[in-house]
Amino acid sequence: MEDRTELLVNKLLRSYDKYDNICRIDAESMLSKNTLIEIVEEIRKILFPGFFDNSQGRSEYIKFLVGERLEFIQYNLQKQIAKTLGSQDLCSNCRQSAINAKAEDIVYRFLERLDVIREYLHTDIEAAYDGDPAAYSTDEIIFSYPGVFAITVYRIAHELWLLGVPMIPRIMTEYAHSVTGIDIHPGAEIGKYFFIDHGTGIVIGETTVIGDNVKIYQGVTLGALSTRKGQELKGVKRHPTIGDNVTIYSGTTILGGDTVIGNDATIGGNAFIVSSVSEGMKVSVKNPELQFTRGNSSEI
């Protein structure tokens, strides 16, 4: 039995040597996905104080709690950013002290933006409440709406993306994706009063630009026309631009970096759009013809 086990071990070791791009053996610095998820959850507690605490938050303790959480975020996020800066040959000639200093600066600049993130989230919550007659309170929205969770994590990750942090923003938004089924790339640009209703199956690509007061329903894809060229398309505007006050109903696909949906447009469900739509237009799919047969009929 030991001989057979040793054969299996050796076989896997040969595989590790052959496909070393999916191994990180002896790597001095590796990110911790679990730590990054903890950081996201601690940031959410700061962004929505009192909502996600294990005990009731009191005003006399809030300064202490915020300070404690900021210290946790600062320490752990700095370590994770330093790890990713030290990998991928992004700072191959840098000393560890320089990497740590750069990570510290990035984290401080990120934390300075938390109040701005709260400002945007305030508008997102208002948009959800105003736009959904099934919502009975903003508390209900914050606690239970998957769209708000996905948008919150996106807004956190987007700030890190803007600061040039590699990998970590994508891990954060993919965490939200795994929880909600909503896939928002951290590179997308999304304005205020953004409302995702239901949300399952929404995809928003990296170079998407979304204006203010936009409402999107489940199953919407804001994607690229083609990704056949792969890495050659890196940095190219591949995803659509959505203007202000636009509503996009469920099942719609809008593709292409040159595709612009004008302000105040309404896109009906199940539309497939690869060219621009003018301001104020209403786009709808002509209803398919329905055929009815009796239950005992063999014809379809």
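What's the local net charge at residue 123, with K and R +1, D and E -1, over the other residues with C-beta under 14 Å away? Could you put the intermediate results ahead of the total?
Numbers: positive: 118, 155, 192, 215; negative: 115, 119, 124, 126, 130, 212, 244.
Local net charge: -3.
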(message) I'd like the per residue volume of the convex hull spanned by the Cα atoms of the stretch 1-141, given in cubic angstrom.
(response) 230 Å³
(request) Might you tell me the accessible area per residue for the chain, computed with a 1.4 Å probe and given in Å²? (result) 60 Å²
(message) Can you compute the modelled spin-label distance between residue 274 and residue 94, with each label point 7 Å from Cα toward Cβ, in nm?
(response) 4.2 nm
(message) Tell me the carbon and sulfur percent of the accessible area for the stretch 97-226, rounded to whole percent, probe radius 1.4 Å.
(response) 51 percent
(message) As I understand it, the dipole of the chain uses +1 on the Cβ of Lys and Arg and -1 on the Cβ of Asp and Glu, about the Cα centre. Which of 8, 256, 233 lies farthest toward its positive end?
(response) 8
(request) Would you kindly compute the Cα radius of gyration of the chain and its largest Cα-Cα separation (Dmax), both in Å? (result) 23.3, 78
(message) Principal axis extents for the stretch 97-184, Cα atoms only, whole Å, descending order, please.
(response) 53, 26, 16
(request) Report the full-extension gain for the segment residue 123 to residue 162: residue separation times 0.36 nm, less the Cα-Cα distance, to one decimal in nm. (result) 12.0 nm
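Give, as a single signed number, the net charge of other residues whose beta carbon lies under 11 Å from the beta carbon of residue 267, with Lys and Arg counted +1 and Asp and Glu -1. Let's see the in-between values first.
On the way: positive: 215, 282; negative: none.
Combined, the nearby Lys, Arg, Asp and Glu give +2.
With each run of n ≥ 4 DSSP H residues scored as -39500 (n - 2.57), what mean residue ellipticity at 222 nm is computed for the chain after dividing by its residue count and rounding to the nearest 500 deg cm²/dmol?
Values: 8 runs with 128 residues, N = 300.
The helix contribution divided over the chain gives -14000 deg cm²/dmol.
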(message) Compute for the stretch 193-262: radius of gyration divided by Kirkwood radius, i.e. Rg/Rh, restricted to C-alpha atoms, rounded to two decimals.
(response) 0.98
(request) Give me the number: length gained by fully extending residue 11 to residue 111, i.e. 0.36 nm times residue separation minus the C-alpha to C-alpha distance, one decimal in nm. (result) 31.3 nm
(request) Mind jotting down the distance between the C-alpha centroids of the stretch 13-44 and the stretch 118-187, whole Å? (result) 25 Å
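The values are calculated or read from the model by the stated rules, or taken from the named source; none is laboratory data. Just so we're clear, the structure is a prediction, and the values are computed from it rather than from any experiment. Here the Cβ is made from the backbone with ideal geometry for all residues, glycine too, and neighbour counts use every protein chain on show. Ligands, DNA and RNA are stripped out before the accessible areas are found, and what is left, the full protein with its side chains, is counted by its heavy atoms. Shrake-Rupley method; radii C 1.70, N 1.55, O 1.52, S 1.80 Å.
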